[in-house]
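First up is the structure itself, then whatever we jot down about it.
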Amino acid sequence: MQNKSSSYWPQGTVYGTLLNFKREWDLRAPQMPEAPHKGAPKAPVLFIKTANTFTASGHKIAIPSNVPEVDVGANLAWVFGPDARVVACVLVNDVSIPHESYYRPPVKFKCVDGFLGVGALAKPVAEVQSDALVLTVKVNGQEVQRVNYADAVRASQKLHADISEFMTFQEGDMLLMGSDCLPDGKRPRAKVGDVVEISAPGFETLVNHFVGATA
Amino acid sequence: MKHARIAWAGAVHEAVESNGELLLTRSPWVGKRLKFDEVVWLPPLAPVPQARTILALGLNYADHAKELAFKAPEEPLVFVKGEASLIGHKALTRRPQGVTYMHYECELAVVIGRTAKHVKKENAFDYVGGYTVANDYAIRDYLENWYRPNFRVKNRDTCTPIGPWLVDAKDIHDAYGGPMNLSLQTTVNGKLTQSGHTRDMIFDVPTLIEYFSAFMTLQPGDLILTGTPDGVVNCEVGDVIVTSIEGVGDLINTLGE
């Protein structure tokens, strides 16, 4: 958990969105009517990345010793200003311990120390086409994924509106727009020693080095 | 000592309980005494430099787990809440029109006192700053089986009253031997509807602190809401709900439209 005074740093609560890409939704759709879910989600499926997860770009993210690999979740995030208005956009890496089940909240998978890489640059929202942005994910310099927000289940305004029905974003809060999966339903993986880069046109590239946990 | 944060005379103040009154503790009002009904009560939590982590337990009392027809969990069932859902004592919580089942949940809230990482059960109480009462409302109409309990149920504006007091951990340990020896109850319009005891938690406070701090570093001011016992009932607009924990406080809330 490091901070650089010149860089963007989350000031509020960081909310994440699950199942916001058509590919993952479609892959899981056949199981949605079955137990334990008993139906497709109606409201946006959300989670929180707690403050202990924040890691600045350029800094290390430790993988717990009992975990071979972690999921890389490349996201565009909205940053809110006063009156729940979106003011800026940031690239983030929502790191997770891979988990198949979406039944129970993912705290032990997503709220591990260091598990949110945060881009250094907050770009004014007017300069970003949130619903057409394409993120590129590289592991050790090799491209492993492209995330295109044209493929989102809920476009950004719709997602914001559906969440605002029951909660109000506070100044400084962030909303992650979702991360896409690969064709096999999994996300790109990182292991100890890997360097993960998330980039998008006009943004500074978010870089994090994955290291082993110190005891 | 019982600490409060209040709004009065155009500003926010720190106060402590003193002979049934509030005693302001900071300049320019040091020593000023106020009646409980002269002030607006805020969550009794000092501001923190980064987002406050609020962990909340589901199904952490054997009887409540049974009531909801689940078997007791093998590890803590935990979800996270945003700080914006918190409101203070004697406040108004919104009940959406058209819902059929909105219920209170009286919970002992643990306030972390110092940075906690890889804490062992035996030392866990060293990391507790104090205790307060939380009412973790739920609206069952909105339950969905995706990251359940989902945010539309548990992260609603105004739906987590907390307070009135932050009680120093030492007071509870001295008077009751610790937080695992406290009775809890809820009344709705004066009628007793929920009654339980913290000794019936499935995962006790030291176990929870060990479990969470094994993978996430907790900071001063972070909260653990430890779950609710048996006895939740639907409440309607206008109902006055008082969630009480022995030695910690009586938290009053009214449902509004």
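Overview of values
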| item | result |
| --- | --- |
| Point-charge dipole on Cβ atoms (K/R +1, D/E -1) for the protein assembly as shown, about Cα centre, debye to 20 | 560 debye |
| Qualifying lysines (Cα of each under 24 Å from Cα of B:Lys2; at least 8 residues distant if same chain) | B:Lys32, B:Lys35, B:Lys90, B:Lys170 |
| Computed [θ] at 222 nm, helices only, for chain B once each DSSP H run of length n ≥ 4 contributes -39500 (n - 2.57) | -2500 deg cm²/dmol |
| Loop chymotrypsin sites (Phe, Trp or Tyr not before Pro), the range B:1-94 (other Cβ atoms within 10 Å of the site Cβ: 15 or fewer; DSSP) | B:Phe70 |
| Shape of the range A:117-162, Cα gyration tensor, a/c cut at 1.5 | oblate |
| Inter-centroid distance (Cα atoms) of the range A:100-157 relative to the range B:84-105, Å | 32 Å |
| Residue-averaged 222 nm ellipticity for chain A, from DSSP H runs of 4+ at -39500 (n - 2.57), nearest 500 | -2500 deg cm²/dmol |
| Anisotropy class of chain A from Cα gyration tensor, a/c 1.5 cut | rounded |
| Under 16 Å from the Cα of B:Lys191 - aspartates and glutamates, other chains or at least 8 residues apart | B:Glu105, B:Asp230, B:Glu236, B:Asp239, B:Asp250 |
| Neighbour-count order for A:Val125, B:Val78, fewest beta carbons within 10 angstrom listed first | A:Val125, B:Val78 |
| Lys, Arg +1 and Asp, Glu -1 on Cβ, resulting dipole of the range A:56-121 about Cα centre, debye, nearest 20 | 120 debye |
| Flagged links, alpha-carbon separation over 25 Å, of A:Lys60/B:Lys154; A:Lys22/A:Lys138; A:Lys49/A:Lys138; A:Lys42/A:Lys158; B:Lys117/B:Lys154; A:Lys60/A:Lys123 | A:Lys60/B:Lys154; B:Lys117/B:Lys154 |
| Anisotropy class of chain B from Cα gyration tensor, a/c 1.5 cut | oblate |
| Computed E for B:Ala11/A:Ala213 - FRET, C-beta separation, R0 56 angstrom, nearest 0.05 | 0.80 |
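Each value in this text was obtained by applying a stated rule to the coordinates, not by laboratory testing. A quick note: this is a predicted structure, and the numbers were derived from the prediction, not measured. Note: ideal-geometry Cβ built from the backbone for every residue, glycine included; neighbour counts use all protein chains shown.
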